[in-house]
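Here is the structure we will look at, set down as structure tokens.
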Amino acid sequence: MKYLTGFDRRQATLFPTCIDDLIPEDAEVRVIDLFVDALPLKELGFLENEPAEEGRPMYHPADLFKLCVYGYLNRIRTSRLLERECQRNIELLWLLKGLQPCFRTIAGFRSDNPKLFRNAFTHFVRQINRKGLTGKTLVALDSSKFRAVNSKKKNYNQKRSTGNWSTSTTRSNLTSRNSTQAIWMRPESRDR
């Protein structure tokens, strides 16, 4: 098999120390590395395509999956930003062993393999449930609160449109619009 391989993390480089010493023991990149390495990649469908013997070697799917998981955890969604982070982020240099895939490679991997991502995350949830790491007593939802534009003062429904248009808010709203819209919206103009 022909894959691109990165450098040994424990080997001394031009950095002041070994790159492995720069990453804390409790860093999330170490968890990502262990998580992806523990996945049964063949069962999940990651190693279905054999690399070609001729041409440039391809990136190992596990390395690209590690990059995508790192991006999801750190809110880096676009492939161009992930490419930039691969070049300057010491954690990604450690995680990918110095590999720096271009944005097209990252985007192509994500778009070509949506089932692989689903299978990997489903496997992860099953493993957590199987080992009893979830209590299943609390459900948390992530949501957003938006200020409504369709408030009661500005809402014109069927019930209000048949009523009297004498309120001050209605008159100010009608005068602020152009005259053709104001004539069209008045109840008495419908009878003509």
request  = Would you mind checking the pairs Lys66/Lys115; Lys2/Lys42; Lys66/Lys145 and listing those with alpha carbons more than 26 angstrom apart?
outcome  = Lys66/Lys145
query = On average over all directions, what projected area in square nanometres does the range 1-98 have, based on the convex hull of its Cα atoms?
reply = 7.3
ask   = What lysines could a cross-link reach from Lys152, if we take a straight Cα to Cα line under 23 Å and drop same-chain neighbours fewer than 8 places away?
value = none
Solvent-accessible area, 1.4 Å probe, carbon plus sulfur percent, for the range 48-90 = 46
Alpha carbon convex hull of the range 74-159, projected area averaged over orientations, nm² = 11.8
ask   = What is the magnitude of the charge dipole of the range 49-115 about its Cα centre, with +1 placed on the Cβ of each Lys and Arg, -1 on the Cβ of each Asp and Glu, and no other charges, expressed in debye to the nearest 20?
value = 420
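The values are calculated or read from the model by the stated rules, or taken from the named source; none is laboratory data. Here the structure is a predicted model, which means the values were calculated and not measured. Glycine also receives a Cβ, built like all others from the backbone with ideal geometry; neighbour counts cover every protein chain displayed. These accessible areas exclude ligands, DNA and RNA; they are computed on the full protein's heavy atoms, side chains included. Shrake-Rupley method; radii C 1.70, N 1.55, O 1.52, S 1.80 Å.
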